[in-house]
1. Considering only the stretch 50-90, how many residues are under 14 Å from the mean Cα position of the chain (by Cα) and open to solvent by 70 Å² or more (accessible area, probe 1.4 Å)?
2. Hey, among Ala60, Ala43, which residue is at pLDDT below 90 and under 30 Å from Leu138 (Cβ atoms)?
3. Those residues that are in contact with a Ser or Thr (Cβ under 6 Å, 6 or more places away or on another chain), open to solvent by less than 40 Å² (accessible area, probe 1.4 Å) and among the aliphatic types (A, V, I, L, M), I need them from the stretch 31-49; list them, please.
Amino acid sequence: MRCPAQRKRTVPELTIAARTLVVSGAATLLAILVGVPLGYLLARRMFPGRTIVLGMVNTAIGMPPVVVGLVVWLLLVRSGPFGRLDLIYTKRAMVLAQWLIATPIVVGFTAAAVQALPRQLPDLLTVLGAGRVRTMWLLAREARLGLLVAIMAAFGGIVSEVGASMIVGGNLERSTRVLTTAIVTETSRGQVERALALGILLLVLSFGVNLALTIVQQRHRP
């Protein structure tokens, strides 16, 4: 009788893991698309208040996820300004909250990685005939070690958070439950063994993603 029961329990765990990867992966991708260009601009453009903006970005890196989740909840709840979109307690709301958590991490790490490059490098590339897009691409290649660290830090920060996902997703078993919220739920039910299994699955998932990124990072080291 144990084998069928174990099979029934394994399927939801894998489903929850897949949902976790989809939500956090989508949020990380959006954070890259927004955060890398912003980080590059902050690193290379001088403007009044730039130091203050960088300070705000660095502060946002340490923003508690539960606070971000509360803000997103207030915006998306039925009585909120975006309540008409009917996004609350959906995976899209979770992606939005995790995107807000991950973007400052990508911006901050990207700015630091680009600032570490020689300041004369963009001018040199321009003299050699590289256009603006080509210059950004070449600078990104030079700073790729730092950029990949930014991606790993962003993914690690959101795949392991629980507060924002719990608030805006509602921890609905069939639609918005991810590994972290499932661990909390199973622990509160006294299902310690299943909570540990989910925790191990989360560690394996995080290790697999970070190992793949590390392989890419170290493949073309100078």
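1. 1
2. Ala43
3. Scanning the stretch 31-49 gives a single hit, Ala31.
The values are calculated or read from the model by the stated rules, or taken from the named source; none is laboratory data. No experiment lies behind these values; they were computed from the predicted model shown. All Cβ positions, even for glycine, are placed from backbone atoms using ideal geometry, and neighbour counts span all protein chains on display. Ligands, DNA and RNA are excluded from the accessible area calculation, which covers all protein heavy atoms including side chains. Shrake-Rupley method; radii C 1.70, N 1.55, O 1.52, S 1.80 Å.
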